[in-house]
Amino acid sequence: MLPTEYWRKKIARPFRRDTSGSTELRRNDRIRVSPVRLIDENEEQAGVVSLSEAQARAREAGLDLVEVVPNATPPVCRILDYGKYKYDLAKKNRQAKAHRHETELKEVRIKTPKIDTHDLMIKVNRAKEFLLRGDRVQFSLRFRGRELAHIDEGQRIFNQIEEALEDCGKVDRSRREGRRITMLIAPLTKQQLLQKRQAANLAAKIARGEVPDPSKAPPEAPAPPTAPAPPAAETPKTE
């Protein structure tokens, strides 16, 4: 057993480089490269200065010197409040993550082709929410027993769904798999949604009589015939 004095002795440990992939920026005394390209506390270019001068200017301003672009030549450093900088950066990342949406495949099941119209519209409205959010929606309908003899009834339901969702989605695939038929609807792009809304607004204005219907515009009147030009007068010949 080792003596107690051995455990109390401070053993110097070698420095180990951090290889965990940390994105922490070097700042203040941790910056080693000189000279640096400096951006001052007013976000103005201060040119290329020595590291000691940049650190002195940061101390005078009561702020931090942060190496924001370490791979540049020379490195770019900014004078700023590092705590506030990290807070603003984390806030931007959270907002970007909240606005970013990954497309998912949502399935809406219809248990029987004898579904009530009200129940069907509830499923259609739920699918419309998914499509407007950017997700794809797959409707599935399974036939049981003698219902298999009424495939046309299931197709009629799918046609009704397609018509109800045409303003926010389009059919990507429709097929039959044994006793089951499926229909995959993909969301429209932002440009397609804008075109659909513009067409709907125009149709509403035409129905209210605010603008004329271009398809029922009166034919253009024919242009009046042009009178023939008078004959040119002959010039007398002089002998």
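Taken together, the values in this text are just the output of simple stated rules run on the coordinates, not laboratory data. Owing to the predicted nature of the structure, the values given are computational and were not obtained by experimental measurement. Every residue, glycine as well, gets a Cβ built from its backbone with ideal geometry; the counts of neighbours run over all protein chains shown.
Give me the Debye-computed log₁₀ of I(q)/I(0) at q = 0.14, 0.20 Å⁻¹ for segment 28-88, equal point scatterers on Cα only, no solvent, two decimals.
Values, matching the q order: -0.31, -0.65.
Summing Lys, Arg as +1 and Asp, Glu as -1, what charge do residues with Cβ under 11 Å from the Cβ of Leu148 carry, Leu148 excluded?
+4
Given a Förster distance of 22 Å, report the FRET efficiency between Lys92 and Leu132 from their Cβ-Cβ distance, rounded to the nearest 0.05.
Calculated value: 0.30.
Give the cross-link partners of Lys111 among the aspartates and glutamates, using a straight C-alpha distance below 16 Å as the criterion and excluding same-chain residues fewer than 8 apart.
In chain and number order, the partners are Asp119, Glu147, Asp152, Glu153, Glu177.
Could you order the peptides 132-139, 87-94 from most to least packed, using the average number of other C-beta atoms within 10 Å per residue? List each step's numbers first, then the result.
Working: 132-139: 17.9, 87-94: 10.6.
Answer by packing, highest mean first, reads 132-139, 87-94.
Can you spot the aspartates and glutamates whose alpha carbon is less than 15 Å from Lys97's alpha carbon? Ignore those fewer than 8 places along the same chain.
Asp88
Could you sort out which of Lys170/Lys205; Lys128/Lys196; Lys170/Lys190; Lys106/Lys128; Lys123/Lys170 sit more than 21 Å apart by Cα distance in this structure? The partial results should precede the final answer.
Details: Lys170/Lys205 25 Å; Lys128/Lys196 15 Å; Lys170/Lys190 13 Å; Lys106/Lys128 11 Å; Lys123/Lys170 16 Å.
Distance filter (> 21 Å) returns Lys170/Lys205.
May I ask for the equivalent-ellipsoid semi-axes of segment 22-147, computed as the square root of five times each C-alpha gyration tensor eigenvalue and listed largest first in whole Å?
So the equivalent ellipsoid measures 61, 13, 10 Å along its semi-axes.
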